Amino acid sequence: MQDKQQIFDKFMDEFVKLPIDVKNKEIIEKQKKIMAHLIKYSELNNIPYTFLKSKEITDITDDNGTNEDYLEAMMVYTENIEELIGNILLNK
C-alpha cells in the first residue's frame, strides 16, 4: 500500500504543475474512463443505463472550450457517474 501511495503522491505533484487547460482535459479523460468501467460492469450484469446527454459535452469537443465549459462538462460526467453507480447499487 505504501508504494501505491508514493506513486499517487508523485502523480499529484506533477498534476498540480500542469496548466489549467491540461488539468481540465486530464479530469475529463479520467471521468470517461470511470464511465467506461461502470458501463462495462452494467452490461456484464444486465443493468440498463442510458447516458444523460447534454450540449455541454459538445462545447469541449473542439479543444476550444473555456474553463467554464470544462466545469459544465465535468458536471455532466459526474451526474452520469452518480446515476450509474446508483443503478448498480440498486441492482445488487
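The values are calculated or read from the model by the stated rules, or taken from the named source; none is laboratory data. Just so we're clear, the structure is a prediction, and the values are computed from it rather than from any experiment. Note that we place each Cβ from the backbone using ideal geometry, even for glycine, and neighbour counts take in every protein chain shown. Just the protein is used for accessible areas: all its heavy atoms, side chains included, with ligands, DNA and RNA removed. Shrake-Rupley method; radii C 1.70, N 1.55, O 1.52, S 1.80 Å.
Out of region 13-53, which residues are loosely packed, with under 10 Cβ neighbours inside 10 Å and more than 19 Å from Tyr70 (Cβ to Cβ)? Scanning region 13-53 gives Asp13, Glu14, Leu44, Asn46, Pro48, Thr50. Within the option set Ile85, Ile57, Ile27, being under 15 Å from the mean Cα position of the chain (by Cα), at pLDDT below 95 and among the aliphatic types (A, V, I, L, M) holds for one residue only, Ile57. Among residues of region 54-79 being among the acidic types (Asp, Glu) and part of a loop (DSSP other than H, G, I, E, B), the one that is least open to solvent (accessible area, probe 1.4 Å) is Asp59.
How about region 80-92: which of its residues are open to solvent by 100 Å² or more (accessible area, probe 1.4 Å) and closer than 24 Å to Lys23 by Cα?
Glu82
Residues of region 80-92 being in a helix (DSSP H, G or I) and farther than 13 Å from Ile28 by Cβ, which ones?
Restricting attention to region 80-92, the residues satisfying the condition of being in a helix (DSSP H, G or I) are 80-90.
Of everything in region 80-92, those that are in a helix (DSSP H, G or I) and farther than 13 Å from Ile28 by Cβ turn out to be Glu82, Glu83, Leu84, Ile85, Gly86, Asn87, Ile88, Leu89, Leu90.
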